[in-house]
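Everything on this sheet refers to the single structure shown next.
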Amino acid sequence: NDWCNNNRMAIHPKKSKSMIITTRQKHQLAALKLNLEIGNNIIEQVSEHKVLGIVIDSEMKWQSHINIICKRVSQNLYLLARLKFFVNEDSRKLFFYNIIIIIIIEGLYSAVSRLKPGSPRFTMTLKT
């Protein structure tokens, strides 16, 4: 609390979450629990949380984030299939490139941004 006051930051306890990030093995050994309070408010402990559009879990696995991306792509592929009854091929391509590909790129960004210099890079080639 002193650090926040010194740096002119305010913590909103009802919007705050806590998470212990550790290996799966440490999670299995014992139930890890944080008892954090700000003022009289208890900070909720979670096992996963969405931060800046990326789902982070307590074991730093990407499965939850990937599942969300797959669901979004699947929903939009369904819409694309339905569009064939209402719009021409050029309009469907526009939908594909501007909606579906963007969702995939945003999802991959979290993985690519974790790569270190000198690591192999992902490349995506789109054929029209």
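The values are calculated or read from the model by the stated rules, or taken from the named source; none is laboratory data. What you see is a predicted model; the values in this text were computed from it and never measured. Note that each Cβ is placed from the backbone with ideal geometry, even for glycine, and that neighbours are counted across all protein chains shown. Quick note on the areas: whole protein, heavy atoms, side chains included, nothing else; ligands and nucleic acids left out. Shrake-Rupley method; radii C 1.70, N 1.55, O 1.52, S 1.80 Å.
Exactly one residue out of V51, V55, V73 is hydrophobic (A, V, I, L, M, F, W, C), within 25 Å of the chain's Cα centre (by Cα) and modelled with pLDDT of 85 or more, and it is V73.
Taken over segment 46-59, the criterion of being free of Cβ contacts under 8 Å to residues at least 40 places away in the same chain and assigned to a strand (DSSP E or B) is satisfied by E48, H49, K50, V51, V55, I56, D57. Pairing each residue of segment 18-45 that is within 24 Å of D2 (Cβ to Cβ) with any residue that is modelled with pLDDT under 70, provided the two are 6+ apart or on different chains, yields C-beta distances under 9 Å for I20/K26; I20/H27; I38/N1; G39/N1. Evaluated against (1) at pLDDT 90 or above; (2) closer than 25 Å to Y109 by Cβ, N88 falls short on exactly one condition, (2).
Out of all the residues in segment 64-74, which are surrounded by fewer than 13 Cβ atoms within 10 Å (Cβ to Cβ) and of a type outside the set (D, E, K, R)? Passing the criteria: N67, S74. Here are S47, S18, S58: which of them is of a type in the set (G, A, S), touching an Asp or Glu at 6+ places or on another chain (Cβ under 8 Å) and open to solvent by 70 Å² or more (accessible area, probe 1.4 Å)? Answer to the check: S47.
Quick check, is Y97 touching a residue at least 12 places away in the same chain (Cβ under 8 Å) and exposed (fewer than 13 other Cβ atoms within 10 Å of the Cβ)? Spell out how you get there, then give the answer.
On the way: touching a residue at least 12 places away in the same chain (Cβ under 8 Å): yes; exposed (fewer than 13 other Cβ atoms within 10 Å of the Cβ): yes.
For Y97, the condition - touching a residue at least 12 places away in the same chain (Cβ under 8 Å) and exposed (fewer than 13 other Cβ atoms within 10 Å of the Cβ) - is met.
Checking the structure you have, find out if any residue of segment 115-124 is at pLDDT below 75, more than 23 Å from T22 (Cα to Cα), in contact with a Leu (Cβ under 8 Å, 6 or more places away or on another chain) and open to solvent by less than 100 Å² (accessible area, probe 1.4 Å).
yes
F86 fulfils the conditions (1) of a type outside the set (V, I, T); (2) under 30 Å from C4 (Cβ atoms); (3) in a loop (DSSP other than H, G, I, E, B); (4) open to solvent by 80 Å² or more (accessible area, probe 1.4 Å) except for a single criterion, (2).
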